[in-house]
Amino acid sequence: MDDLSPEVLATIVAEKFGDSYGGAINAAMREDLSRRVERAIREAVVGDPKAAAALCLERQALWVATEARPTSPEHLRAEARSRANEAAYLADAIQSLP
């Protein structure tokens, strides 16, 4: 089942659920359950890209502030600069997801 798409996995779950209750679960109910399960899987797997990108931008701001702080040692400034660049890169990549 590792290679199943959320849509296929949701359909399998809905069908198995429907089969276990016989005639009590009609086709419309199976389709509704399948859509709900698929949405839940996608939200769990993909999450909220906007929230993830916002977190990356928050981390970038933290590292930029660390680099700008006059009391930060030079080795920490270099690390902060690298981490700020990483966070910006990740935010950009996440924001470009469909």
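Could you tell me what percent of the accessible area of the chain is made up of carbon and sulfur, with a 1.4 Å probe and every protein chain present?
Result for the chain: 58 percent of the exposed heavy-atom area is carbon or sulfur.
Set the Förster radius R0 to 22 Å, insert the Cβ-Cβ distance between residue 20 and residue 42 as r into 1/(1 + (r/R0)^6), and round the FRET efficiency to 0.05.
In this case the efficiency is close to 0.35.
Which angle between 0 and 90 degrees, to the nearest 10, do you get for helix 74-95 versus the longest principal axis of the chain when only C-alpha atoms count?
30 degrees
Less than 13 Å from a label point 7 Å out along the Cα-to-Cβ axis of residue 9: which backbone N atoms in region 39-71 qualify, by residue?
39-47
To the nearest 20 Debye, how big is the dipole of the chain about its Cα centre, given +1 on the beta carbon of each Lys and Arg and -1 on that of each Asp and Glu?
340 debye
Give me the Kirkwood hydrodynamic radius of the chain in Å, from all C-alpha pairs, to one decimal place?
About 16.6 Å, per the Kirkwood formula over Cα pairs.
The values are calculated or read from the model by the stated rules, or taken from the named source; none is laboratory data. Just so we're clear, the structure is a prediction, and the values are computed from it rather than from any experiment. Because the Cβ atoms are built from the backbone with ideal geometry, glycine has one as well, and the counts that use them run over all protein chains shown. The area values use the complete protein model at the heavy-atom level, side chains included, leaving out ligands, DNA and RNA. Shrake-Rupley method; radii C 1.70, N 1.55, O 1.52, S 1.80 Å.
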